[in-house]
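Values in this text are rule-based calculations from the coordinates and carry no lab data. Source: prediction; values computed, not measured. All Cβ positions, even for glycine, are placed from backbone atoms using ideal geometry, and neighbour counts span all protein chains on display.
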Amino acid sequence: MCTGMVHPSFVMDALTNGYADGVLICGCHIGDCHYQDGNKTAEKRAEAIKLLLEDFGLEEERFRLEWISASEGPKFAKVAEEMTETLKGLGPSPYRSG
């Protein structure tokens, strides 16, 4: 329910087990967290994820964290399209089998 609950291991498992070519996490704007400081926790975890991506030989662009409120449908659509285009450019994850 909150981006602060997304542990880096969830993201890295999805990427290194070949379940996903990329991961997009969207959450409340900073200062508007429904769970007080969850988005600040997510921001710190995003930095850890970026370091892990490098350790695993994956491009930083395979992960993205965005602040989007429920009322920002057009922004969500734009970010999702951008992420899709980025992943198309990168190609499949090197961890994907078959």
Please turn the phi angles of segment 71-79 into ³J(HN,Hα) values with the Karplus equation 6.51 cos²θ - 1.76 cosθ + 1.60 (θ = phi - 60°), one per residue in order, whole Hz, x for glycine and proline. 8, 9, x, x, 5, 4, 4, 5, 5
Here the equivalent ellipsoid of the chain, derived from its Cα gyration tensor, has semi-axes (largest first, whole Å) of 24, 17, 10
Compute the length gained on full extension between Glu60 and Lys44: take 0.36 nm times their separation in residues and subtract their Cα-Cα distance, giving the result in nm to one decimal. 4.2 nm
Divide by every residue of the chain the summed helix terms, -39500 (n - 2.57) for each DSSP H run of at least 4, and state the resulting mean residue ellipticity at 222 nm, rounded to the nearest 500 deg cm²/dmol. -15000 deg cm²/dmol
Sorted peptide list for 69-80, 50-61, 21-32, criterion being average Cβ within 10 angstrom, highest first: 21-32, 50-61, 69-80
For Ser97, placing the label point 7 angstrom along Cα-to-beta-carbon and taking segment 11-42, residues whose amide nitrogen sits under 17 Å are 13-21
Whole-Hz ³J(HN,Hα) for each residue in segment 88-94, computed from phi via Karplus 6.51 cos²θ - 1.76 cosθ + 1.60 with θ = phi - 60°, x for glycine and proline: what do you get? 4, x, 6, x, x, 4, x
Straight-distance crosslink candidates among aspartates and glutamates, where the alpha carbon sits under 14 Å from Lys44 and sequence neighbours closer than 8 are dropped: Glu66
Quote the relative contact order of segment 3-90 in percent (integer), defining contacts as alpha-carbon pairs under 8 Å separated by 6+ residues. 35
Helix 38-55: inclination vs the chain longest Cα principal axis, degrees, rounded to 10, gives 10
For labels at Ala70 and Asp32 in the simple 7 Å Cα→Cβ model, what's the distance in nm? 1.2
